[in-house]
1. Please specify each residue of the stretch 32-79 satisfying the condition of being of a type in the set (Phe, Trp, Tyr) and either modelled with pLDDT of 95 or more or under 19 Å from LEU156 (Cα atoms) (or both).
2. Which residues, taken from the stretch 48-101, are among the charged types (D, E, K, R) and assigned to a helix (DSSP H, G or I)?
3. Do we have ILE32 as closer than 23 Å to ASN134 by Cβ and either of a type in the set (Val, Ile, Thr) or in contact with a helix residue (DSSP H, G or I) (Cβ under 7 Å, 6 or more places away or on another chain) (or both) here?
4. In the stretch 70-90, how many residues are within 29 Å of ALA124 (Cα to Cα) and in contact with a Phe, Trp or Tyr (Cβ under 8 Å, 6 or more places away or on another chain)?
5. Against the definition (in a strand (DSSP E or B), crowded, with 16+ Cβ neighbours inside 10 Å, touching a strand residue (DSSP E or B) at 6+ places or on another chain (Cβ under 9 Å) and acidic (Asp, Glu)), how does GLU147 come out, yes or no?
6. THR53 is checked against (1) touching a residue at least 24 places away in the same chain (Cβ under 8 Å); (2) exposed (fewer than 14 other Cβ atoms within 10 Å of the Cβ); (3) hydroxyl-bearing (Ser, Thr, Tyr) and fails just one. What number does that condition carry?
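The values are calculated or read from the model by the stated rules, or taken from the named source; none is laboratory data. Treat the numbers as computed from the prediction; the structure is a model and nothing was measured. With ideal geometry, Cβ positions are generated from the backbone for all residues, glycine too; neighbour counts draw on all protein chains shown.
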Amino acid sequence: MDDRFTISLIVNNQYGVLNRIAGLFSKRCYNIDSLAVGETENPKISRMTIVSTGGEYIRTQIVRQLNKLHDVKHAIMLEEADSVSVEHLLIKLKTDGNGNSQITELLNRYGGKIMYIGDRFIIADLTGPTENINKFIVKCIPLGIIELCRSGSLSLSKNADDVLNINENI
């Protein structure tokens with residue numbers, strides 16, 4: 001059975017690393033459902049979170065292959081129950097000129113906030129688990145979505161033993 005899974009990586013922060021990692025997925029015909037990467041507290045190192053889909057064999061192979069890449073310092077599988085994952089969403093919604101109570105109520109229910117109010121639209125911001133982001137988007141469809149932008153999943157392990165220690169892996 002193919003299930004979504006999350007991999008967390010510590011990589012060198014230099015040009016070409018993302019291309020080599022994406023190439024590994026591409027060569028093996030694996031899809032990247034979500035990708036988030038950013039510099040860590042150490043500017044020489046980046047943390048990358050990749051969400052993909054596949055069975056146990058694919059999961060194992062991807063982590064093994066990633067750990068063989070020169071610029072990958074450490075790659076681990078993050079189990080859903082043992083990690084915290086969130087996404088970030090910016091969404092532009094139509095306003096009808098009669099107040100924004102429906103949008104405000106929905107944002108309050110999901111913990112979002114208004115970032116900008118235009119003449120005919122509102123830009124809202126929401127951070128939360130992927131399931132909540134998906135539910136929020138579905139509820140916004142009747143309100144009129146003009147456009148949206150969402151990040152990939154950002155994930156950290158709850159287990160102290162799985163910490164991708166940046167200083168030890170330089």
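1. Result: no residue meets the conditions.
2. The answer is GLU56, ARG59, ARG64, LYS68, GLU80, ASP82.
3. When the stated conditions are applied, ILE32 passes them.
4. Summing the residues that are within 29 Å of ALA124 (Cα to Cα) and in contact with a Phe, Trp or Tyr (Cβ under 8 Å, 6 or more places away or on another chain) in the stretch 70-90 gives 1.
5. No, not satisfied.
6. Just one mismatch for THR53, condition (2).
This table checks each residue for (1) in contact with a Pro (Cβ under 6 Å, 6 or more places away or on another chain); (2) assigned to a loop (DSSP other than H, G, I, E, B); (3) at pLDDT 95 or above.
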position	(1), (2), (3)
ILE114	no, no, no
ASP119	no, yes, no
ILE122	no, no, no
GLU131	no, no, no
LYS135	no, no, yes
GLY152	no, yes, no
LEU156	no, no, no
